[in-house]
Amino acid sequence: MHSPEVRNRRLISLDAFRGLTVAAMVLVNNPGTWRAVYPPLRHADWHGWTPTDLIFPFFLFIVGVAIPLALGRRRADGEGRGQIVARILRRSIVIFALGLILHAVPSFDLATLRIPGVLQRIAVCYLVGALLFVATGWRTQVILSTAALVGYWAALMFVPVPGFGAGDLGQEGNLAAWLDRAVLGPHIWRVGRVYDPEGILSTVPAVVTTLFGVLTGQWIRRARSAIVALRGLLAAGSAGIALGLAWGHWLPLNKALWTGSYAAFTAGAALIVLALCYWTIEVRGWRWWTPPFVVLGVNALAVFFLSTLLAKLLVSVHIAGPDGRPRVLQAVLFETVFAGWAPAEAASLAWATANVLLWWALMWALVRKGVRLAV
């Protein structure tokens with residue numbers, strides 16, 4: 001049986017999974033040069049998936065799992081619903097604001113500032129998932145998740161888009177892209193593009209990914225034993241992968257659209273990875289490998305924000321090259337330290353790996369001093 005102490009303590013396997021995910025996020029976001037990247041470290045061009053396309057849904061799923069674990073502890077400690085809701089609202093606003101700050105660096109232009117983004121989507125998904133956890137039970141959450149995925153599929157397939165008609169799943173003609181252009185105008189991903197991968201309508205199924213995590217967190221807390229919890233994770237994960245792949249024959253897996261098939265498939269994959277972490281750490285007690293990932297996991301949002309900020313600053317600073325022409329600082333550092341001793345893709349990966357190690361070292365130093373950069 002899970003004792004109250006076990007139900008209310010931190011889940012090390014979740015912290016390790018979060019750390020693995022944020023390490024992967026930093027790795028794929030920071031190649032030495034985008035001209036030389038191994039295919040698995042790139043997103044799929046449109047339909048389909050690569051390992052890189054699993055990272056963001058994994059993170060949203062983890063956000064969801066953490067909600068009943070964290071808020072459940074607060075309820076157990078006697079914190080009132082009003083206090084919990086206020087805390088949820090404050091955290092969501094801070095995360096959303098940090099996302100806007102990243103888009104404002106290095107040059108701020110209110111006329112074209114991108115409004116959607118990774119942190120903004122995390123903020124919205126956390127807000128909705130946490131409020132639904134506080135206000136509803138798991139059955140309502142299942143019904144809402146199912147209705148949202150089916151409704152989103154129906155909207156994509158049957159709502160006509162001006163100039164394109166209904167059922168167009170191309171980059172420009174799909175309903176989600178049209179809505180982003182109509183509502184946000186120039187405030188979307190890279191001015192001149194025709195869609196935003198973190199846009200308005202596609203955030204609905206992303207919220208469902210988070211709700212899948214919320215349901216998982218409740219299952220873990222309520223399971224009679226660790227073995228029962230593990231079996232449930234494996235069964236649900238297998239079902240999610242099978243459902244996603246089957247649905248993908250009619251509705252392609254697509255990260256930018258966050259199709260229902262993609263939401264089901266990636267949630268299933270996340271459940272399997274969490275199950276592996278859970279079995280290794282919580283069931284077998286093998287924790288020797290976890291400290292580096294736990295360090296990143298408990299500071300995940302800070303690592304993502306700071307690593308993205310550093311990357312933006314490195315490409316915004318120019319220094320004089322050997323010929324006297326100004327060159328981007330990031331390119332100079334990459335070519336000087338990495339590019340001369342390895343093939344292009346390997347050197348690019350080495351730069352990305354160095355980024356991961358840099359942020360791990362900084363977070364490790366902070367943890368040793370008792371500092372945690374929580375958002």
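Taking the Cβ-Cβ separation of Thr146 and Arg73 as r and a Förster radius of 30 Å, what is the calculated FRET efficiency to the nearest 0.05? Before the final figure, lay out the partial values.
Details: r = 28 Å, r/R0 = 0.95.
So, using R0 = 30 Å, E works out to roughly 0.60.
Are there any helices in the chain, counted as whole DSSP H runs, that stretch 18 Å or more along their axis by Cα and score at least -1.0 on average by Kyte-Doolittle, and if so which? Qualifying helices: 12-29, 55-76, 81-104, 118-135, 138-158, 203-222, 226-247, 260-278, 300-316, 344-368. Each Cα pair under 8 Å and six or more residues apart adds its separation to the average, and for the chain the resulting relative contact order is 27 percent. In plain terms, the chain is cut at each of the chymotrypsin sites (Phe, Trp or Tyr not before Pro) found in a DSSP loop with at most 16 other Cβ atoms within 10 Å, and the longest leftover piece is 165-249. Report the residues of region 285-320 in range of a label on Ala354: point 7 Å along Cα→C-beta, backbone N strictly under 15 Å from it. From region 285-320, the list is 311, 314-315. Considering region 154-239, its Cα convex hull presents a mean projected area of 7.5 nm².
Projected area of the chain, taken from the Cα convex hull and averaged over every viewing direction, in nm²? Mean projected area of the Cα convex hull: 20.6 nm².
Centre-to-centre separation between the Cα atoms of region 150-182 and those of region 124-142: 27 Å.
A simple spin-label model places pseudo-atoms 7 Å from Cα toward Cβ; at Glu335 and Ile101 they are separated by 3.3 nm. Between Ile319 and Trp288, the simple spin-label model (points 7 angstrom out along Cα→Cβ) gives 4.2 nm.
If R0 equals 22 Å, the separation of the Cβ atoms of Leu310 and Gln171 corresponds to a calculated FRET efficiency of about 0.15. Equivalent ellipsoid of region 256-361: semi-axes from √(5λ) of the C-alpha gyration tensor, largest first, are 36, 19, 14 Å.
Hey, with R₀ at 25 Å, roughly what FRET efficiency would Ala111 and Val375 work out to, going by the Cβ-Cβ distance, to 0.05? Computed FRET efficiency for Ala111 and Val375 comes out at 0.30. Put the Cα centre of region 21-100 next to the Cα centre of region 346-375 and the gap is 17 Å.
Here the Gaussian network model covers the chain, with springs between Cα atoms less than 10 Å apart; of Gly80, Gly64, Gly185, Gly80 fluctuates the most. Once both labels are positioned 7 Å from their Cα atoms along Cα-to-Cβ, the gap between Ala135 and Ala235 label points is 3.1 nm.
Here, each number is a calculation from the coordinates, and none is a lab measurement. Just so you know, these numbers come straight off a predicted model, no measurement behind them. Cβ: placed from backbone, ideal geometry, glycine included. Neighbour counts: every protein chain shown.
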